[in-house]
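Here is the structure we will look at.
The values are calculated or read from the model by the stated rules, or taken from the named source; none is laboratory data. The structure displayed is predicted, hence computed values, not measured ones. Positions of Cβ are generated from backbone atoms using ideal geometry, with glycine treated the same way; all protein chains shown enter the neighbour counts. In case anyone asks, the SASA skips ligands and DNA or RNA and just uses the protein heavy atoms, side chains included. Shrake-Rupley method; radii C 1.70, N 1.55, O 1.52, S 1.80 Å.
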Amino acid sequence: SQKIEQNSEALNIQEGKTATLTCNYTNYSPAYLQWYRQDPGRGPVFLLLIRENEKEKRKERLKVTFDTTLKQSLFHITASQPADSATYLCALDRYSSASKIIFGSGTRLSIRP
Amino acid sequence: ETGVTQSPTHLIKTRGQQVTLRCSSQSGHNTVSWYQQALGQGPQFIFQYYREEENGRGNFPPRFSGLQFPNYSSELNVNALELDDSALYLCASSLFGENTEAFFGQGTRLTVV
């Protein structure tokens, strides 16, 4: 079955620096890969979706890359701010008639002032 | 806010009891998925409903069941509650078919004692 691994340790970086989070998967290549943000006690909030034929996607200070050869996605937050502190979840979906999103366990990111 | 609402927000039940959790999906969405999220883990897919029928199920026992209504709202029922069922239960609505983002509710925190 598909397995997803994200940075196992929490990430703690200085405000203004670029945060880079890693998502590795095994088994089949997903048709889509998504990143979500989750704050404590809240549901995940969608950030970005990247398709298997796309190498890179950007949205404001966010950038996602997708390398199907390495089976890896990188998620970057540039000019990080304390408000970016949250858990970030990588999620995969392989489109089918019963598509479902499979989540990684998340990486907790802390941005210190 | 995503437009997906869940009720109740918190619930305490005794082992062996039954529980029903409710979800109102975002306007225009025809698919509802339910997830269980244990502390420190990513959401785990329980099942998905489309056109009032179960359309895909994760690795959860039959005592986890659901319903989807004509207005696309949904219920998650769990019978014979066990202590390990304590978790945040998340509902996500989306459009069926080609992958699009999922919109999550704020979740129901279930504690089984």
Per the filter on the range B:32-71, residues at pLDDT 90 or above, more than 14 Å from chain A (Cβ to nearest Cβ) and in a loop (DSSP other than H, G, I, E, B) are B:Glu52, B:Pro61, B:Pro62, B:Arg63, B:Phe69, B:Pro70
Candidate set from the range B:80-108 (those that are over 19 Å from A:Phe103 (Cα atoms) and touching a residue at least 60 places away in the same chain (Cβ under 8 Å)); member that is surrounded by the fewest Cβ atoms within 10 Å (Cβ to Cβ)
B:Leu83
Can you work out which of the residues in the range A:52-81 that are under 23 Å from A:Thr26 (Cβ atoms) and open to solvent by 80 Å² or more (accessible area, probe 1.4 Å) is modelled with the highest pLDDT?
A:Glu56
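Here's a check for you: in the range B:13-31, which residue that is assigned to a strand (DSSP E or B) and within 20 Å of B:Phe47 (Cα to Cα) is modelled with the lowest pLDDT?
Restricting to residues being assigned to a strand (DSSP E or B) and within 20 Å of B:Phe47 (Cα to Cα), the top hit is B:Thr31.
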What number of residues within the range A:11-23 are touching a Lys or Arg at 6+ places or on another chain (Cβ under 9 Å) and open to solvent by less than 50 Å² (accessible area, probe 1.4 Å)?
2
Restricting attention to the range A:32-61, report how many residues are within 16 Å of A:Arg108 (Cα to Cα) and of a type in the set (Ser, Thr, Tyr).
1
Here are the criteria: (1) touching a helix residue (DSSP H, G or I) at 6+ places or on another chain (Cβ under 8 Å); (2) open to solvent by 50 Å² or more (accessible area, probe 1.4 Å); (3) within 14 Å of another protein chain (Cβ to nearest Cβ). Tell me which single one B:Arg15 does not satisfy.
(3)
